[in-house]
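Below: the structure, in structure tokens.
What follows is calculated from the coordinates using simple rules that are stated; it is not laboratory data. Keep in mind it's a predicted model, so treat the numbers as computed, not measured. Methodologically, a virtual Cβ is constructed for each residue, glycine included, from the backbone with ideal geometry; neighbour enumeration extends over all protein chains shown.
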Amino acid sequence: MAAGAIAFALLAALTGPRGAAAAETPAAGAAHAGAALGVDLYRTFDAQGGNLFFSPYSISEALALLSAGADGSTRKEMLDALHWTLPPDRMAAAFGAQDLLIDGAAPDGAVVSVANGIWYQRGHEPNAPFLETARRDYRSAVREADFTGDVSIPQREINDWVGGKTAGKIPDLFPDGALTHSTRLVLANAIYFKARWAQPFNPRHTAPRPFFTAVGQSVMAPTMARTARFRTTGADACDLLELPYSGGGLSMVILLPRTRDGLPALEQQLGEAALSRWLAALDQAGSQELDVTLPRFKLAFSAELTKSLAQLGVVTAFVPGGADFSPIDGGRDLYVSTVIHKAFVDVNEEGTEAAAATGIGIKSAAVQMSRRFRVDHPFLFLIRDTSTGSLLFLGRIVDPRPR
């Protein structure tokens with residue numbers, strides 16, 4: 001199950017034309033960024049143990065959109081985390097091109113949709129160049145909100161938007177307390193996927209079969225079975241199996257360790273370069289008759305990403321007074337307060353349904369102005385001895401001009 005989760009988590013970032021043709025597409029830079037960030041994030045999540053499922057596509061696009069509003073070291077750290085080696089001003093167009101390709105990669109009833117949204121504090125509309133990039137390249141819906149009043153109102157609006165874009169699979173992206181009266185901007189990305197297998201599994205062949213969770217330990221899991229021709233190949237630490245979705249162009253790839261206790265070794269070898277090499281070998285492999293069994297599974301995953309991103313070098317964005325998001329509003333008081341990611345996947349006999357969303361909350365670190373005390377009209381005053389409480393002098397000023 002874990003190997004399948006790894007493969008599907010990287011599906012969206014690696015979907016596209018096979019072989020060398022993929023490297024020639026305008027979206028190749030964005031696809032590379034998503035895959036590289038995805039592998040790096042996987043390593044930060046790995047220590048948590050247990051099942052894991054997330055969307056590198058969603059997280060990388062949200063981070064890329066945020067970088068459009070950053071400058072200086074704040075922006076550089078984001079570009080480095082995305083392994084971005086092309087000129088920075090090409091990033092937005094690359095992610096926009098990737099979204100257009102994904103929109104066209106859903107034939108024969110499959111659904112693949114990506115959406116971005118921005119909510120800004122009423123009266124604090126971001127600078128026009130940032131909003132233009134967000135709307136043009138990231139096709140972001142831009143709305144104003146009031147975080148200074150009842151925060152539950154914009155929180156519910158944002159969560160409802162995400163829920164609608166993910167067919168209800170991610171209903172509550174931002175939990176209570178994630179957005180506060182200091183929130184000035186929220187960025188959100190949502191991705192939804194649903195497709196049937198090109199060769200569905202017959203439910204009558206699904207039966208409980210042992211799934212080995214460790215050496216000598218197993219659990220009984222509902223397991224699907226099918227005999228057909230599939231593309232497969234071997235790599236250093238695993239065997240790869242491609243399960244295509246109906247219509248072509250979309251597929252799940254299983255990376256199965258050679259031994260029952262081989263997952264840690266596979267994870268050690270997992271990297272963007274190695275993964276690209278393994279998938280290239282799979283693309284060149286021929287199909288063959290295989291008896292395939294695959295556990296049926298459904299899982300949900302959530303994570304707060306600030307620590308994970310900090311481990312990847314994105315540090316300055318989270319520092320009040322240190323972050324530079326001046327392209328957003330011309331000031332230096334904005335900083336990222338939270339990055340939340342949630343994902344869902346359901347793999348069954350018919351196919352796969354998956355959704356994910358990434359939300360970024362941005363607060364203001366502006367120094368609160370002291371309450372003004374303007375002595376600008378007639379007043380009384382006194383001078384006292386604080387140790388004894390003696391009133392030494394008492395007076396009144398109705399006109400302070402010298403006399």
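Roughly how big is the range 203-295's charge dipole about its Cα centre, with Cβ charges of +1 (Lys, Arg) and -1 (Asp, Glu), in debye to the nearest 20? Kindly include the intermediate steps, with their values, before the conclusion.
Values: 8 positive and 9 negative charges, 72 e Å.
Roughly 340 debye for the range 203-295.
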Query raised in the report: Which far-off residues, 5 or more places away or on another chain, put their amide H under 5 Å from the one on VAL142, with H placed in the peptide plane?
Result: ILE118
Query raised in the report: From the backbone phi of the range 147-164, what are the Karplus-calculated ³J(HN,Hα) couplings (6.51 cos²θ - 1.76 cosθ + 1.60, θ = phi - 60°) in whole Hz, Gly and Pro given as x?
Result: 8, 7, x, 7, 4, 5, 5, x, 4, 5, 4, 5, 4, 5, 4, 4, x, x
Query - Whole-angstrom gap from the range 174-244 to the range 79-127, using each part's C-alpha centre - result: 24
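Pairs to check: LYS76/LYS363; LYS165/LYS342; LYS342/LYS363; LYS165/LYS363; LYS165/LYS194. Give those whose C-alpha atoms are more than 18 Å from each other in this structure.
Violating the 18 Å Cα-Cα cut-off are LYS76/LYS363; LYS342/LYS363; LYS165/LYS363.
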Requested in this report: Please list, or write none, the aspartates and glutamates whose alpha carbon is within less than 15 Å of the alpha carbon of LYS298, excluding same-chain residues fewer than 8 places away.
Outcome: ASP346, GLU349, GLU350, GLU353
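Could you tell me which of rounded, prolate or oblate describes the range 203-295, using a ≥ b ≥ c as the square roots of the eigenvalues of the alpha-carbon gyration tensor, with rounded for a/c under 1.5 and, failing that, prolate when a/b is larger than b/c and oblate otherwise? Don't skip to the end; give the middle numbers.
Values: a/c = 2.23, a/b = 1.10, b/c = 2.03.
Oblate, since a/c reaches 1.5 and b/c is not below a/b.
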Report summary line: Of the candidates THR213, GLY249, ALA225, the farthest towards the positive dipole end of the range 200-264 (Lys/Arg Cβ +1, Asp/Glu Cβ -1, centred on the Cα centre) is ALA225
Query raised in the report: For SER113, what charge total do you get from the other residues with a beta carbon under 15 Å from its beta carbon, if Lys and Arg give +1 and Asp and Glu give -1?
Result: 0
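Determine the sum of side-chain charges near ILE102: Lys and Arg each +1, Asp and Glu each -1, restricted to other residues whose C-beta is under 13 angstrom from that of ILE102. Working shown, then result.
Values: positive: ARG139; negative: GLU61, ASP99, ASP103.
Neighbour charge sum, excluding ILE102 itself: -2.
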